[in-house]
Amino acid sequence: MQLKALSISFAILSSLTYGALGAPVQLSQLIERDHKTVQSAIANIGHQIGQGNTGTVHALKDTYNGHHAVVKVIRPLAGGGHFAPLPGKEAHNAHQAGQLLGHGHDPKTDTHYLVMKHMGESAERHGVAPHDIKKLNDAANDRYAANHGIRNKDQNGGNFVYHNKNGHTQAEVVDWAKAEHLGTHPLVAAMPVEKVTHCSTCGVQ
């Protein structure tokens, strides 16, 4: 009976940790506390690293749930609405490609925030030879088609970044506004959209 009681007590203690004041805290609470939200990412936005037709891209000052990440900020057009496709579609495409980490929307300003994995840097910054760019970009598209069933239809150079892998330069698609689903892989479920508010003191004005 004593051994059984001790084993039960140990099981209970193993599922607890202790806060600064010595009060027990459930591990599930710790995990939830450490889980970062899109709102926290907005407050952690750093310098701008890219810009395109649909929005601006900003580095994060810290990791986001274990990932080096960026935030793509998609603002509405001056006359209202967004560039086609809608931000929700772009977010779903990025999720299909395995890059989306979070999607936030500020209903007051109709601004979307896509938290995405940091995949690399520009061809110029990475030192990619101009004659190698098309070959690397084509290889990236083929890889996403094979692994995720999605292909980028916009070959604009700003839609690709580069990094080293196994001693070689590899390209990554990072803009999924115009993408083609090939029907070879199941579609992932849409990521829930977090309601966020604009941060006037953050890196995005």
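The values are calculated or read from the model by the stated rules, or taken from the named source; none is laboratory data. Because the structure is a prediction, the values reported are computed rather than measured. Cβ placement follows ideal geometry from the backbone for every residue including glycine, while neighbour counts extend to all protein chains displayed. These accessible areas exclude ligands, DNA and RNA; they are computed on the full protein's heavy atoms, side chains included. Shrake-Rupley method; radii C 1.70, N 1.55, O 1.52, S 1.80 Å.
Of the trypsin sites (Lys or Arg not before Pro) found in the range 42-129, those that fall in a DSSP loop while having at most 13 other beta-carbon atoms within 10 Å are Lys61, Lys108. Sorting Val173, Val161 by accessible area puts them as Val161, Val173; the probe is 1.4 Å, largest comes first, and only protein heavy atoms count.
Across the cross-link table entries Lys153/Lys195; Lys134/Lys178; Lys135/Lys165; Lys36/Lys135; Lys61/Lys195; Lys36/Lys89, which are compared at the Cα atoms, the separations over 27 Å belong to Lys153/Lys195; Lys36/Lys135.
The magnitude of the dipole of the range 65-205, with charges of +1 and -1 set on the Cβ of Lys/Arg and Asp/Glu and taken from the Cα centre, is near 80 debye.
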